[in-house]
Amino acid sequence: MSMQLLQQGEGQAIGIVGGTFDPIHLGHLVIVEEVRIQYNLDKIIFVPTGYPPHKADRDVTEPEHRYLMTVLATINNPHFLVSRVEIDRPQGFSFTIDTIRYFKDYYGPQVKLFFITGADAIMEIPTWKDYRELLSICHFIAATRPGYSLHKLKDTIGKACPEIMDNISVLEIPAMQISSTLIRQRVAAGKPIKYLTPDSVNEYILKNGLYRNAK
Ligand code: ATP
Ligand code: MG
């Protein structure tokens, strides 16, 4: 873990963003920076997943590559950090609740934790392990994402478990129709990905021959 991450601070507000980041792209960076500014967060910790069970339908790129691309993409933002907590877990994948408990224990009760997701991911929350506890220890911020209606979110979650809506804020951000899937498909088709992800990530992908055979 980086030295910066080791600084424990009184009353800080910290954003956590989990993802496969296969690869990280400008959609991630734009939403996270917007959340940071609007919620006045002191820092944001990007947490690349190990091998997540819900993506078992395709081969997720090695964690080390995804971690390094996330580091490259965030290197020029002093508020952005990357954690290895999930990729270093011996069992290969972890639940968000374990990661949040880890950061809560690490930073202590005086620190306020925010978990940042896109509108698609937040929709799944009632299926997450111990989601009620999760919502009691951190506040969720759901960013709008093209193709996912926030009315549906309010409908789905609002009906299933209305009490958790109090711990979810919705943030409208300028639409970013970028996904890692799109990037993988473009690389596989030999199309450029310039301006969809930072140049350093683009170069890392080329240098390591990633996604050439992505489906
Ligand atoms: P994939 O296409 O492989 O699913 P992805 O682009 O959805 O990749 P993830 O790593 O799955 O990226 O997403 C991490 C988090 O970032 C999720 O909470 C997701 O909803 C959010 N996110 C990703 N891209 C966007 C976007 N363009 N707008 C809003 N949220 C996004
Ligand atoms: Mg996704």
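What number goes with the only condition from (1) under 30 Å from N213 (Cβ atoms); (2) without any contact (Cβ under 8 Å) to a residue 12 or more places away in the chain; (3) open to solvent by less than 40 Å² (accessible area, probe 1.4 Å) that P192 does not pass?
Of everything listed in (1) under 30 Å from N213 (Cβ atoms); (2) without any contact (Cβ under 8 Å) to a residue 12 or more places away in the chain; (3) open to solvent by less than 40 Å² (accessible area, probe 1.4 Å), P192 misses just condition (3).
Of the residues that make up the stretch 173-185, is at least one open to solvent by 30 Å² or more (accessible area, probe 1.4 Å), of a type in the set (A, V, I, L, M, F, W, C), at pLDDT 90 or above and assigned to a loop (DSSP other than H, G, I, E, B)?
Looking through the stretch 173-185, none of the residues is open to solvent by 30 Å² or more (accessible area, probe 1.4 Å), of a type in the set (A, V, I, L, M, F, W, C), at pLDDT 90 or above and assigned to a loop (DSSP other than H, G, I, E, B).
Based on what the data block shows, is V47 closer than 24 Å to E34 by Cβ, over 17 Å from the mean Cα position of the chain (by Cα) and open to solvent by less than 40 Å² (accessible area, probe 1.4 Å)?
No: the conditions fail for V47.
When the stretch 160-172 is examined, which residues are found to be touching a residue at least 24 places away in the same chain (Cβ under 8 Å) and either open to solvent by less than 60 Å² (accessible area, probe 1.4 Å) or within 10 Å of ligand 1 (Cβ to nearest atom) (or both)?
Those that are touching a residue at least 24 places away in the same chain (Cβ under 8 Å) and either open to solvent by less than 60 Å² (accessible area, probe 1.4 Å) or within 10 Å of ligand 1 (Cβ to nearest atom) (or both): C161, I164, N167, I168, S169, V170, L171.
Identify the single condition in (1) modelled with pLDDT under 95; (2) out of contact with any strand residue (DSSP E or B) (no Cβ under 7 Å at 6 or more places or on another chain); (3) within 12 Å of ligand 1 (Cβ to nearest atom) that T49 does not satisfy, given that it satisfies every other one.
(2)
Would you confirm whether or not the stretch 96-104 contains a residue that is out of contact with any Pro (no Cβ under 8 Å at 6 or more places or on another chain) and within 16 Å of ligand 2 (Cβ to nearest atom)?
There is at least one residue in the stretch 96-104 that is out of contact with any Pro (no Cβ under 8 Å at 6 or more places or on another chain) and within 16 Å of ligand 2 (Cβ to nearest atom).
So which residues in the stretch 70-92 are assigned to a helix (DSSP H, G or I) and either loosely packed, with under 14 Cβ neighbours inside 10 Å or hydrophobic (A, V, I, L, M, F, W, C) (or both), if there are any at all?
Matches in the stretch 70-92: V71, L72, A73.
In contact with a Lys or Arg (Cβ under 6 Å, 6 or more places away or on another chain) and either open to solvent by 20 Å² or more (accessible area, probe 1.4 Å) or at pLDDT below 95 (or both): does that describe F95?
Here the answer is yes, as F95 does meet what is asked.
I need the full set of residues from the stretch 98-125 which are among the aliphatic types (A, V, I, L, M) and open to solvent by less than 20 Å² (accessible area, probe 1.4 Å), in order please.
Those that are among the aliphatic types (A, V, I, L, M) and open to solvent by less than 20 Å² (accessible area, probe 1.4 Å): I100, V111, L113, I116, A119, I122, I125.
Of the numbered conditions (1) touching a residue at least 60 places away in the same chain (Cβ under 8 Å); (2) over 30 Å from G209 (Cα atoms); (3) within 16 Å of ligand 2 (Cβ to nearest atom), L153 fails exactly one; give the number of that condition.
(1)
The values are calculated or read from the model by the stated rules, or taken from the named source; none is laboratory data. Everything numeric here is computed off the predicted structure, so don't read it as measured data. Please note: Cβ atoms are built from the backbone with ideal geometry, for glycine as well, and neighbour counts cover all protein chains shown. Note: areas computed on protein heavy atoms with side chains; ligands, DNA, RNA excluded. Shrake-Rupley method; radii C 1.70, N 1.55, O 1.52, S 1.80 Å.
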